[in-house]
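Before any comments, here is the structure.
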Amino acid sequence: MIEASRKYVFDFDSTLTKVEALDVLAEMTLIGKSNRDEIINEIQEITNLGIDGEISFTESLERRIKLLNANKSDLDGLVAKLRKKISKSIESNKEFFEKFSDDIYVISCGFKEFIDPIVAEYNIPSDRVYANTFKFDIDGKIIGFDEQNPLSQHNGKIECLKGMNLEGEVQVIGDGYSDYVMREAGIADKFFAYTENVHREKAASNADHVTPNLDEFLYVNDLPRNISYPKNRIKILLLENVHPDAFENLSGDGFSVELVKHSLNEEELIKKIKGVHVLGIRSKTQVTEKVLKAGKNLLAVGAFCIGTTQIDLDSCRKRGVVVFNAPYSNTRSVVEMAIGQIIMLKRSIFPRSTEIHNGQWQKTADGSNEVRGKNLGIIGYGNIGKQLSVLAEAIGMKVYYYDVDDKLALGNAIKCSSLEDLLRLSDVVTLHIDDNKANKNFISEREFNLMKKGAMFINLCRGFVVDINALANALKSGQLGGAAVDVFPEEPRSNGAFKTELQGLNNVILTPHIGGSTQEAQRNIADFVPNKIMEYINSGNTVDAVNFPNIRLPKQNNAHRFLHIHKNVSGVMAEINKVLAKYEMNISGQYLSTDSEVGYVITDLDKEYNKDVVKALKKINNTIKFRVLY
């Protein structure tokens, strides 16, 4: 006996389309009316009352049509607008509608006049569309609807579906009361609450399954779909109050995102990370070996900052967890702050400001100097150091720099052959080295004693690279004429009380790690890091990854993409291709990159394949992680 196939019954408004069509028609036909917004709001309120079953659908329909003031001639324009309002995941899964066209129906309390031309493009013919029809007067004005049609009546979808006598399992996909009552009446086997466009609590609470998009529905039913794993099932945890644009970017792409305003300690993070696929942090959260061990589903870590010493990069690499950071996004903000601090220190503005705050007027030129013509020594000539070099020269400073790597000078900057040379000749020294743990106390008593007496010192990179006690002593003794410190060896996890040896010292500017904390920088980071995360999750791209082989991949074209992360030992690539050959896979492209620890191979394959090949690839010795994308 052949098992009867499933039948799929779709609602139209707010399911196949993002909108309620009659609401859109109202917006079109009421243009120019002085009370347009008031009428549209009333129509939308009536729509929602009908959808939630608070009033009968017949009453809802009658009241809305009276308010519409629409004509038959408006319908072509409505169809044109609706074509641009197809639900995102519906539009991306046309293959499902093409392959299963004989089993797909539309039952809607909307109207065939605008539904038919829309769904025809998804291979659903008019005879499988069950909907209301308009009544027009002699001038084409919409004056009502066919009252004999069961869909114009309360619970009309129940009667309609009964009369269709569908065989097999009937699944209903919709967003409202009129959809889930078909399951309650026993004539549909399952109800899927479709929440991509609107989440109606009544529908969701009465659903067999809440489906935030068509990808989820297709995944649950193991049907052809545009993506292998629904994005709503990928959980992203963002800590430390990252900019809200990051949340919007990631959730807007379909991921499930949780936002936590503070950092978490190791124990808290171990509990929280279970089931998380992507972790987003700033500088305070420590991603340790224990955290990574607990995060069995973890695919990527996004550092919404420049530094990554808070992340165990080696453990991430060995576990196939890709790490991204934001090396450029806050560069300008840090550089502008450095320029401001140079001027503030050289002009002794901070002491003069403090005196005024304390009720004293001390107008004097003592200790106040222009920055023009002074020597600026930049330690670390990376992204920040180079941009600072250009701006400092633009305001008339003579720029010297020192870097352990051979860096090309910009403008008239002069490279110093040693750190000692730079320290001896600089009027202001500014520190911009990386967060390598080997740089602890990079600047200490010896280095301060080498500087000119009365020189200024600025640290905007990492707190642990400077010996704070030595800095305090150099300031107290007069060896240094001032300092600006934005970063400290130990910083609190959240705002509150804070103590440092530098408090109360003259001509010392102290700030709470805000060098990159501008709205512009945080927005840039909230775009850059999520984009890198999305590129990796969606396509496998690892460009700009901190700890992983970098691969820039071409766009997928009607193909599966196998992502295989493995230990970089000999023979793995041969095993992968042996498996692919055994299953007669037609490879359209293959990309490999390795580092000393791991190998990352991407294989693009024709759409159809034997699923046993996936099991075989996962079983290859030294496999770390494996994913399928399509």
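The values are calculated or read from the model by the stated rules, or taken from the named source; none is laboratory data. Since this is a predicted model, take the numbers as computed values, not measurements. Note that each Cβ is placed from the backbone with ideal geometry, even for glycine, and that neighbours are counted across all protein chains shown.
Every residue, every condition in (1) touching a residue at least 40 places away in the same chain (Cβ under 8 Å); (2) over 23 Å from residue 534 (Cβ atoms); (3) crowded, with 19+ Cβ neighbours inside 10 Å; (4) not assigned by TED's automatic domain parsing to the domain that holds residue 299, yes or no:
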residue: 569; (1), (2), (3), (4): yes, yes, no, yes
residue: 583; (1), (2), (3), (4): no, yes, no, yes
residue: 591; (1), (2), (3), (4): yes, no, no, yes
residue: 601; (1), (2), (3), (4): no, no, yes, yes
residue: 608; (1), (2), (3), (4): no, yes, no, yes
residue: 616; (1), (2), (3), (4): no, yes, no, yes
(Q) What are the pairs with Cβ atoms under 8 angstrom where one residue, in the range 141-155, is part of a loop (DSSP other than H, G, I, E, B) and the other, located anywhere, is among the aliphatic types (A, V, I, L, M) and buried (at least 18 other Cβ atoms within 10 Å of the Cβ)? Sequence gap at least six, or different chains. (A) 155/181
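In this structure, does residue 101 turn out to be among the hydroxyl-bearing types (Ser, Thr, Tyr), more than 20 Å from residue 176 (Cβ to Cβ) and either in the same structural domain as residue 185 (by TED's automatic domain parsing) or touching a residue at least 12 places away in the same chain (Cβ under 8 Å) (or both)? If you could, list the steps in order and put the result at the bottom.
On the way: among the hydroxyl-bearing types (Ser, Thr, Tyr): yes; more than 20 Å from residue 176 (Cβ to Cβ): yes; either in the same structural domain as residue 185 (by TED's automatic domain parsing) or touching a residue at least 12 places away in the same chain (Cβ under 8 Å) (or both): yes.
Yes.
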Q.
If I filter the range 30-39 for residues that are of a type outside the set (A, V, I, L, M), outside the structural domain of residue 255 (by TED's automatic domain parsing), part of a helix (DSSP H, G or I) and surrounded by 18 or more Cβ atoms within 10 Å (Cβ to Cβ), do I get at least one hit?
A. no
**Q.** Answer from 302, 307, 359, 320 - the residue that is farther than 18 Å from residue 525 by Cα and either touching a residue at least 40 places away in the same chain (Cβ under 8 Å) or not in a loop (DSSP other than H, G, I, E, B) (or both)
**A.** 320
Q: Would you point out the residue of the range 322-332, among those that are surrounded by fewer than 22 Cβ atoms within 10 Å (Cβ to Cβ) and touching an Asp or Glu at 6+ places or on another chain (Cβ under 9 Å), that is nearest to residue 543 (Cα to Cα)?
A: 327
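Yes/no matrix, rows are residues, columns are (1) within 25 Å of residue 257 (Cα to Cα); (2) of a type outside the set (A, V, I, L, M, F, W, C):
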site: 533; (1), (2): yes, no
site: 542; (1), (2): yes, yes
site: 547; (1), (2): yes, yes
site: 584; (1), (2): no, yes
site: 588; (1), (2): no, yes
site: 603; (1), (2): no, yes
site: 608; (1), (2): no, yes
site: 619; (1), (2): no, yes
Q. For residue 284, which of the numbered conditions (1) out of contact with any helix residue (DSSP H, G or I) (no Cβ under 9 Å at 6 or more places or on another chain); (2) buried (at least 21 other Cβ atoms within 10 Å of the Cβ) fails to hold?
A. (2)
Q) Inside the range 196-228, can you point out the residues that are touching a Lys or Arg at 6+ places or on another chain (Cβ under 7 Å), assigned to a loop (DSSP other than H, G, I, E, B) and within 17 Å of residue 7 (Cβ to Cβ)? A) 208, 224
Q. If residue 579 satisfies every condition in (1) surrounded by 17 or more Cβ atoms within 10 Å (Cβ to Cβ); (2) of a type outside the set (Ser, Thr, Tyr); (3) within 25 Å of residue 277 (Cα to Cα) but one, which is the exception?
A. (3)
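Suppose the filter is polar (S, T, N, Q), part of a loop (DSSP other than H, G, I, E, B) and under 23 Å from residue 530 (Cβ atoms); does residue 283 pass it?
Values: polar (S, T, N, Q): yes; part of a loop (DSSP other than H, G, I, E, B): yes; under 23 Å from residue 530 (Cβ atoms): yes.
For residue 283, the condition - polar (S, T, N, Q), part of a loop (DSSP other than H, G, I, E, B) and under 23 Å from residue 530 (Cβ atoms) - is met.
So which of 232, 297 is of a type in the set (S, T, N, Q), more than 12 Å from the chain's Cα centre (by Cα) and surrounded by fewer than 17 Cβ atoms within 10 Å (Cβ to Cβ)? Show your work before the answer.
Details: 232 fails: surrounded by fewer than 17 Cβ atoms within 10 Å (Cβ to Cβ).
Only one candidate passes the filter, namely 297.
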Q: Tell me which of these residue 599 doesn't satisfy, since it passes every other one: (1) in a strand (DSSP E or B); (2) within 23 Å of the chain's Cα centre (by Cα).
A: (2)
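Among what's in the range 110-130 and is part of a strand (DSSP E or B) and touching an Asp or Glu at 6+ places or on another chain (Cβ under 8 Å), pick the residue that is surrounded by the most Cβ atoms within 10 Å (Cβ to Cβ).
Among those residues, the one meeting the criterion is 110.
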Q. Taking interchain pairs and intrachain pairs at least six residues apart, which have beta carbon atoms under 6 angstrom, with the first residue in the range 158-181 and without any contact (Cβ under 8 Å) to a residue 24 or more places away in the chain and the second outside any helix (DSSP H, G or I) and of a type in the set (D, E, K, R)?
A. none
Q: Please identify the pairs in which a residue from the range 366-391 that is without any contact (Cβ under 8 Å) to a residue 12 or more places away in the chain and more than 20 Å from residue 461 (Cβ to Cβ) has its Cβ atom under 9 Å from the Cβ atom of a residue that is crowded, with 18+ Cβ neighbours inside 10 Å and of a type in the set (A, V, I, L, M), counting only partners at least 6 apart or on another chain.
A: none
